[in-house]
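Read-outs throughout are calculated quantities, based only on the coordinates presented, and are distinct from any laboratory measurement. Computed from a prediction, not measured in an experiment: that's the story for all the values here. FYI the Cβ positions are ideal-geometry reconstructions off the backbone, even for glycines, and counts take in every protein chain you see.
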Amino acid sequence: MAAAIRFSLRNLGRTATNPSVGTLIVDDHGIIVGRGVTAVGGRPHAEPQALAEAGERAKGATAYVTLEPCAHHGRTPPCANALVAAGIRRVVGAAADPDPRVAGRGYAILRDAGIDVTEGVLATEASDAMAGYLMRSLNKRPYVTLKLALSADDMIGREGKGQLPITGATARAQVQMMRAASDAIMVGINTALADDPLLTVRLSGLEGRSPIRIVLDKNSRLPLQSNLVRTARDVPVRIAASVDNDRRAKLEAAGVGILAVEEFDGRIAMPELLEDLASQGIANLFIEGGAATARALLTDGLVDRLVLFKGAMKIGRGGIASPIAWDTPLQGFHLTRESRFGDDLCREWRRD
Ligand code: AOF
Ligand code: ZN
């Protein structure tokens with residue numbers, strides 16, 4: 001199952017509004033004879049692909065599925081029926097599917113056909129891997145990951161213009177991997193103005209995996225000459241704007257999409273925006289700063305996962321303090337991973 005979960009991560013961020021599911025077909029000798037992952041765009045599902053690869057060898061074999069096989073008729077028959085038809089003898093499942101068209105019916109089809117079913121194996125790990133799908137299905141909002149890169153003195157940047165390389169190349173490559181596994185990336189307008197970022201995935205082998213880019217920009221201040229707007233026709237850019245003005249019209253003419261949002265207490269109403277994004281199919285939302293955006297999301301209790309990088313350099317005077325210090329235990333979160341990328345450290349926290 002651990003291998004099936006790892007395999008499922010392959011298409012994470014590219015299967016919306018479907019989860020990225022992994023399936024392995026294993027024969028009596030413990031040999032993997034078929035592998036499947038939900039295809040880009042959400043179809044075909046994982047199971048028929050794994051069964052196709054296994055062919056005749058699926059007869060009497062065990063299928064490991066990271067999500068309960070579906071029970072509804074889409075463009076193809078249900079995956080549960082496909083497993084039955086292929087002669088699978090045993091199914092081991094991880095996460096249950098909250099989709100009302102499935103929700104227990106998939107496992108029921110298998111059992112009714114005499115297949116030996118084990119549910120809930122590595123369910124936590126599988127649920128973590130498809131946290132975006134589950135959050136969107138159950139809570140009608142995306143799963144929110146907040147990434148912050150902290151300097152040695154817990155700063156996230158310096159007042160004024162220009163990007164500051166707080167972490168090294170390996171950590172920055174890791175951030176691009178995280179972008180590739182997301183459905184959308186979001187920053188505040190202050191970050192967009194100060195850093196002029198691209199927010200794309202530029203890793204070799206992962207070209208074309210850049211998700212849409214969103215800027216919280218209630219007054220439409222994103223410059224027409226910015227890197228984001230210049231590249232808007234290649235990788236979509238949207239601004240969340242609450243004011244209809246000339247600048248907004250010009251940005252729209254330059255290919256920038258508009259997410260019309262409400263204000264609450266002088267700032268963008270974040271819960272409503274997230275609900276809107278979820279309704280547009282965004283399940284995994286990756287937030288890349290800055291301080292005001294991070295604070296707003298943390299205050300509203302909308303951060304599900306925190307990824308903190310820690311670089312070796314100090315920023316000192318003129319630095320912008322991180323809303324979260326590296327060494328403070330985070331209330332309501334637990335540490336799920338600690339790693340090192342080059343000279344930089346990384347800690348991942350998930351909401352309890
Ligand atoms: C599976 N295997 O690989 C995936 C499943 O829009 P449709 O017809 O593709 O159905 C979407 C639903 O299918 C989704 O909500 C979830 O319940 C299930 N996803 N099921 O058997 C897969 N990706
Ligand atoms: Zn299916």
Efficiency of FRET between Ala260 and Asp327 - r from beta-carbon atoms, R0 45 angstrom, step 0.05: 0.65
Listed residues Ala240, Ala61, Ala249, most fluctuating in the chain (Gaussian network, C-alpha, under 10 Å): Ala249
Under 25 Å, Cα to Cα: Lys pairs in the chain, sequence gap 8 or more or different chains: 10
Most fluctuating residue given options Ile31, Ile239, Ile115, as computed from a GNM of the chain linking Cα atoms under 10 Å: Ile31
Computed magnitude of the charge dipole of the chain (debye, nearest 20; Cβ of K, R +1, Cβ of D, E -1): 680
Cβ-based charge dipole, the chain, positive-most Cα from Val92, Gly162, Asn139: Gly162
Dipole magnitude (debye, nearest 20) for region 5-85, charges at Cβ of Lys, Arg, Asp, Glu: 320
Neighbour-limited loop hits for trypsin sites (Lys or Arg not before Pro), region 199-246 (at most 11 other Cβ within 10 Å; DSSP other than H, G, I, E, B): Arg233
Residues Leu285, Leu335, Leu345, Leu273 arranged by fewest to most Cβ contacts within 10 Å: Leu335, Leu345, Leu273, Leu285
Amide proton proximity set for Ala240, modelled H, under 5 Å, gap of 5+: Val215, Leu216, Asp217, Leu259
Residue of Glu207, Glu68, Glu53 that the Gaussian network model of the chain assigns the largest fluctuation, springs spanning Cα pairs under 10 Å: Glu207
FRET efficiency, 1/(1 + (r/R0)^6) with R0 25 Å, evaluated for Arg267 and Leu203 via beta carbons: 0.15
Prolate/oblate/rounded call for region 1-59, Cα gyration tensor, a/c under 1.5 rounded: oblate
For region 299-352: rounded, prolate or oblate by the Cα gyration tensor [a/c cutoff 1.5]: oblate
Charge sum, other residues only, whose C-beta stays under 13 Å from Leu330's C-beta, Lys/Arg counted +1 and Asp/Glu -1: 0
Two-site label geometry, Thr118 and Ala312: point separation in nm, points 7 Å out along Cα→Cβ: 4.6
Distance cut-off 26 Å, percentage of C-alpha pairs in the chain lying past it: 53
Distance in nm between pseudo-label sites at Ala103 and His73 (7 Å out along the Cβ direction from Cα): 2.1
CD proxy at 222 nm, helix term only [per DSSP H run n ≥ 4: -39500 (n - 2.57); per residue of the chain; nearest 500]: -7500 deg cm²/dmol
Full-stretch length increase - Glu159, Asn227 - with 0.36 nm per residue and alpha-carbon distance subtracted: 22.5 nm
Cα gyration tensor category, rounded, prolate or oblate, for region 133-246 with a/c compared to 1.5: rounded
